[in-house]
Amino acid sequence: MIVSILFYLFAALAIIGSLFILLTEKIVYAAFSLLLILLSIAAIFVLAGSEFLAVTQIMVYAGGILILLIFGVLMTTKLQDGEVLVPKSNKFWSLLLGGGFFILLFFMISQVNFALLSWMQSPEKAVGEGMINKLGTLLMSDYVLVFELAGIILLVALVAAALLAGERIKEGTKA
Amino acid sequence: MIGLDHFLILGAVLFSLGLAIVIARRNAVMVLMGIELMLNASNINLVAFGYHDPNLMQGQLFALFVIVIAAAEAAIGLAIVMKVYRYYYSADLQELSKEQKIV
């Protein structure tokens, strides 16, 4: 019962935050609204029995990506009368495509009977203390190649980002 | 106990809103925010299916790798936005395409 109430509360927070990003003209407010959304989604991960993913979400998204985005906002927007405003455009197309895509997804979800899937189980009997242990064991045994590749991708991406964004000083010239 | 449908519909709502943000906004950083929102919405779906398949935990593992890719994507995307801003003094996609600079 209380789990359902919490789920709807955090779902409502996430949806309200997304609507705020869609409608607001103030980009810094939008960045902080994104923080609200990411934390609500972390709470929803906890309610879906994946605590490790929730902590990862808070550390990577709220602690890393959001800070990067706020740096990006502060370095790439011009002040207009003391406020950082970003105008909207394409209202018609965004409403049409976003609404149309939602109606399509809603129709498809309501058509499918997920209980017929053979691997589907009731979550209560398997969710428990050992989930994080199991995740760690799987990550280091069956999925170790993907794990290493993900690490290499992250390293290469961060080096490339630093190379792209940084000023390059040519040899022989003064900086 | 929350049904699978509720997670999926929440994911669908957030994904559609992210799509609308990507289309509606003119600032490149706002477009990146919309993309992050869409990636998160797809993660909700993966986690919800993983919740009902507790033995293999494939949903959670896939969502973990999606988060890694999202971090890489955000870093590269912002680096490109900053480079573009340094050359054209604008991060406004409409302005950049109107003046036939890029895009």
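The values are calculated or read from the model by the stated rules, or taken from the named source; none is laboratory data. Note that the coordinates shown come from a computational prediction; the quantities given were computed from them, not determined experimentally. Here Cβ is always computed from backbone atoms with ideal geometry, including for glycine, and neighbour counts include all displayed protein chains.
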Any idea which of (1) surrounded by 11 or more Cβ atoms within 10 Å (Cβ to Cβ); (2) among the polar types (S, T, N, Q); (3) modelled with pLDDT of 75 or more is the one A:Q121 doesn't satisfy?
(3)
Could you say whether any residue in the range B:49-59 is over 13 Å from the mean Cα position of the chain (by Cα) and aromatic (F, W, Y)?
yes
For the structure I just gave you, tell me whether B:N40 is within 8 Å of chain A (Cβ to nearest Cβ), closer than 23 Å to A:A12 by Cβ and either within 11 Å of the chain's Cα centre (by Cα) or at pLDDT below 90 (or both).
yes
